[in-house]
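Asker: My questions will all concern the structure given below.
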Amino acid sequence: YQYYDILNNMTETVERDLPDFRINYVNNAYCTYFGVNQEEVIGTDGMEAIIEEDQGFIRELMASLTPENPNYRYECRVRKSGGVLAWIEVVGCAFFNEEGNVIEYQDVVRDITHYIETKDALEGQVEKRTVELQETNNRLNQINHYLQNIVMNISESVVVVDQNGI
């Protein structure tokens, strides 16, 4: 019981799934995060909250785990209560029986929505600034090309003097 007391007092969500991804256990943080209670979620498909487009790579990752390499980490999108889209980071471990078959997955989950949104915003700013710099560079190259053409094609002599008369 001490084990479950520790899990229930964690701020990160904890989920334990059977090999077919049916939920076997969730802690209080999970229930709060997803707006559910333990009784209604135990026995349901643990993949249901995950966005369908993200489920494939997770299933592939889980299928690749071995007793020698049981740990995993991934990021995916989930739907919380009310349909709110969020990003989570999942860190977990698969547990195997003597025959080498998965008997359970245990996950610790953190919400990383803020980090993803911040990263996306910064990448957007970098892209915007890169485009602006490319446009400025193109204009300067065009001006330089015009000036070179003028200097190369005038018949008079040209003298360039700096602010000191040199």
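The values are calculated or read from the model by the stated rules, or taken from the named source; none is laboratory data. Predicted model, so just to flag it, every value in this text is computed and none were measured. For neighbour counting, all protein chains shown are included, and Cβ atoms are generated from backbone atoms with ideal geometry for every residue, glycine included. For the accessible areas, the whole protein counts, side chains as well, though only heavy atoms, and no ligand, DNA or RNA atoms are used. Shrake-Rupley method; radii C 1.70, N 1.55, O 1.52, S 1.80 Å.
Asker: Leaving out ligands and nucleic acids, and using a 1.4 Å probe, what accessible area per residue does the range 1-132 come to in Å²?
Answerer: Values: 8050 Å² over 132 residues.
Computed with neighbouring chains in place, this is 61 Å² per residue.
Asker: Still on this structure, I have one more. Using the basic label-point model (7 angstrom from Cα toward the beta carbon), what is the Glu39 to Phe57 distance in nanometres?
Answerer: 3.8 nm
Asker: Further question on the same structure: Counting only protein heavy atoms and a 1.4 Å probe, tell me what percentage of the chain's accessible area is made up of carbon and sulfur.
Answerer: Values: 6060 of 11530 Å².
C and S fraction of accessible area: 53 percent.
Asker: Full extension from Asn24 to Tyr115: what is 0.36 nm times the residue separation minus their Cα-Cα distance, to one decimal in nm?
Answerer: Working: separation 91, 0.36 × 91 = 32.76 nm, distance 2.93 nm.
Here the answer is 29.8 nm.
Asker: Could you identify which residue out of Thr11, Thr130, Thr44 has the top mean-square fluctuation in a GNM of the chain using Cα springs shorter than 10 Å?
Answerer: Thr130
Asker: Can I ask one more? Sort the following peptides by mean Cβ neighbour count (other Cβ atoms within 10 Å, averaged over residues), highest first: 151-159, 67-75, 117-125. Write down the numbers at each step before the final one.
Answerer: Details: 151-159: 6.3, 67-75: 12.1, 117-125: 10.6.
Top to bottom by mean Cβ count within 10 Å: 67-75, 117-125, 151-159.
Asker: Next up: Tell me the label only: which of (i) 1.09; (ii) 1.01; (iii) 1.42 is Rg/Rh (Cα atoms, Kirkwood Rh) as calculated from this structure?
Answerer: (iii)
Asker: So how far, in whole Å, is the C-alpha centre of the range 84-114 from the one of the range 1-50?
Answerer: The range 84-114 and the range 1-50 have Cα centres separated by 11 Å.
Asker: Quick one: putting +1 on the C-beta of Lys and Arg, -1 on the C-beta of Asp and Glu, what dipole do you get for the chain around its Cα centre, in Debye to the nearest 20?
Answerer: Working: 12 positive and 29 negative charges, 134 e Å.
I would put it at about 640 debye.
Asker: What shape does the range 1-96 have by the C-alpha gyration tensor, where a ≥ b ≥ c are the square roots of the eigenvalues, rounded means a/c under 1.5, and otherwise prolate means a/b greater than b/c and oblate the rest?
Answerer: oblate
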